[in-house]
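The values are calculated or read from the model by the stated rules, or taken from the named source; none is laboratory data. What you are looking at is a predicted structure, and each value in this text was computed from that prediction instead of being measured. Cβ placement follows ideal geometry from the backbone for every residue including glycine, while neighbour counts extend to all protein chains displayed. In case anyone asks, the SASA skips ligands and DNA or RNA and just uses the protein heavy atoms, side chains included. Shrake-Rupley method; radii C 1.70, N 1.55, O 1.52, S 1.80 Å.
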Amino acid sequence: MEYYEAFILFYSTSYLSLYVVLAFLAFLAIKDYNNNKYFFKDDIFVKSNHVVGVSIVAPAFNEALSIVHNVRSLMNLNYPKFEVVIVNDGSTDDTLQKLIDEFELVKVDFFYEAKIETKPVRGHYKSTNPVYSHLLVVDKENGKSKADASNAGINSVKYPLFICTDVDCILRNDTIMKLAKPFMESDQRIIATGAALRPSNSCTVKDGFLVDVQFPDNWWASFQELEYIRAFLFGRMAWGQINSLLLVSGGLGMFDREIVIKVGGYWHKSLGEDMDLISRMRQYMHEQKERFKILYIPETLCWTEVPSTRAVLLRQRVRWARGLIQTLTIHRKMFFNPKYGKTGFIAMPYFFFFEFIVPILEILGLITIILSIIFLNVNTIAILKLILAVYLFYLTITIISVLLDEWFNKYYRSRMDLFKLVLKGVIEPFTYHPFVVFAALKGYWHFFTNKEQKWGNMQRTGFQTKKK
């Protein structure tokens, strides 16, 4: 028992110390970004004829109800040189026909080179109307995964950089500029950039454009708002500061197309295709002995609908947990391998020791505490003080994340919304967090027992419509 207690003490101290370091790194990263964004102003890039071209790749499957508005939203982003590539992934509704009718599309002869293998592509469509000249629609057989559809889009794009997103995501007007800017500024090769995402649940959208940001009124979505703030503004900014990012969200990320193709694109069998892609890109760059960076931007550039029911959220988190183990297992050769630099000594070990193991230790620790109180002569007051200290530390980190977000983004219309967010942080360890731990453990169990993963439907509830 003494050895176990010593291990728990050492691990807990290391875990808390790590978060102190991450908080400091996140603050530095946000401060540097805030200072540097005035050095090369965005409006100078937007007016330039020499910006790098960017393609937006957005898979669509049975999106007939909202596809037209969503595509119009993507086509109206503010950037001088970009195209929108919509991949109709074998939709069984009239998604493709809606696009053909609305944007005056015709099937064209298109030189398609399948540099990344995908399900067969049936055709490419362009508009006869010059207004829609930067729209390309790819029609393909259903590949049963976003990865396969994204790869078909990557094969079809014409620019060296591409954004991978979901067709129902709402992007801020300057998203392309914000993500592309580091590629044009850095003295090292940037292979990917990402930015903060936010739940769009309860937000008001008109014709595919976000007109009012609101705090989610759904129980499950409101906790995910807190999660997203902490993960993007706190965690990923910190890891980007030391060039150790291992994850760029599948909802919004910009990538170097050349490197993505060289590593084989998205893996359609992956349950965490976004993390797997970044891992392979980092591995490739290390093996080529080429200096590179992956950067994150603290600004919220994308709003996406998150699961609003327990069943859908559970299915999503189980898949994420399985995807984490799968990625760590596949890329285990990079662990503590000098050949892979920070990826091998910082990024991979962190995800193993402080992401994968944490849910297991939490449940073991809880069981140990309960059994110790019942059967052993332990100091209950001391244990409660320790639990209180950990809770207060967590609450401090959460409040810091919320304040950083409020200072930098200022999205909440009232102090009441900010109060609600902090209140969610107060009760999260007793309500939402146990659910997340359960989902992770269930995902681990499914992985090690080789249970088939069913992706299921998102069951989106849609946006609120602005009243005229």
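Some observations on this one:
- Take the chain with all the other protein chains still there, run a 1.4 Å probe, and you get 48 Å² of accessible area per residue.
- Assigned charges on the beta-carbon of Lys, Arg, Asp, Glu; the stretch 156-255 dipole about Cα centre (debye): 320 debye
- With DNA, RNA and ligands ignored, accessible area of Val68 (1.4 Å probe; Å², nearest 10): 30 Å²
- Secondary-structure-derived ellipticity at 222 nm for the chain, considering helices only, amounts to -15000 deg cm²/dmol, per-run term -39500 (n - 2.57) for DSSP H runs with n ≥ 4.
- Solvent-accessible surface (1.4 Å probe) assigned to Leu105 amounts to roughly 10 Å².
- Sorted into 5 angstrom bins from 0, the C-alpha pair distances of the stretch 10-101 split as 2, 11, 13, 11, 9, 10, 10, 11, 11, 8, 3, 1, 0 percent.
- Note on Lys333: aspartates and glutamates with a C-alpha under 18 Å away, same-chain residues under 8 apart excluded, are Asp276, Glu287.
- Taking the DSSP beta bridges with both ends in the chain, the antiparallel portion is around 45 percent.
- Rounded if a/c under 1.5, otherwise prolate or oblate - the stretch 230-293, Cα gyration tensor axes: oblate
- Ranking Thr431, Gln283, Asn173 by how far each Cα lies toward the positive end of the dipole of the chain (charges on Cβ) leaves Gln283 at the top.
- Placing +1 on the Cβ of every Lys and Arg and -1 on the Cβ of every Asp and Glu, with nothing else charged, gives the stretch 404-444 a dipole about its Cα centre of roughly 120 debye.
- About its Cα centre, the chain has a charge dipole of approximately 320 debye under the convention of +1 per Lys or Arg Cβ and -1 per Asp or Glu Cβ, with nothing else charged.
- Segments 385-391, 188-194 sorted - mean Cβ within 10 Å per residue, highest first: 188-194, 385-391
- Farthest toward the positive end of the dipole of the chain, out of Ala389, Ser133, His446, is the Cα of Ala389, where the dipole comes from beta carbon charges about the Cα centre.
- Pairs from Lys293/Lys339; Lys37/Lys181; Lys37/Lys178; Lys158/Lys289 whose Cα-Cα separation, in the structure shown, is over 18 Å: Lys158/Lys289
- Stretch gain in nm, segment Asn36-Gln214, where the contour uses 0.36 nm per residue and the Cα spacing is subtracted: 61.2 nm
- Here the accessible area of the stretch 246-333 is 50 percent carbon and sulfur, with a 1.4 angstrom probe and all protein chains present.
- For the stretch 202-357, dividing the convex hull volume of the Cα atoms by the residue count gives 133 Å³ per residue.
- Selected from Phe223, Gln326, Gly235, residue furthest toward positive end of dipole (the stretch 212-335; charges at beta carbon): Gln326
- The stretch 315-439: C-alpha gyration tensor shape, a/c 1.5 cut-off, then a/b vs b/c: oblate
- Inter-part distance where the stretch 43-82 and the stretch 276-338 are each reduced to a Cα centre, Å: 24 Å
- For the chain, the square roots of the Cα gyration tensor eigenvalues, ordered a ≥ b ≥ c, give a/c of at least 1.5 with a/b greater than b/c, which places it in the prolate category.
- Candidate membrane-span-like segments in the chain, meaning DSSP H helices with Cα atoms spread over at least 24 Å of their own axis and a Kyte-Doolittle mean of -1.0 or above, are 2-36, 310-330, 357-375, 380-408, 432-448, with no membrane implied.
- Converting phi to 3J(HN,Hα) with the Karplus coefficients 6.51, -1.76 and 1.60 and the offset θ = phi - 60°, the stretch 51-62 yields 6, 6, x, 10, 10, 9, 9, 9, x, 9, 9, 6 Hz in sequence order, with x at every glycine or proline.
- Residues of type aspartates and glutamates that Lys98 reaches as a straight line, Cα spacing below 17 Å, ignoring anything fewer than 8 places off in the same chain: Glu63, Asp89, Asp139, Asp168, Asp207
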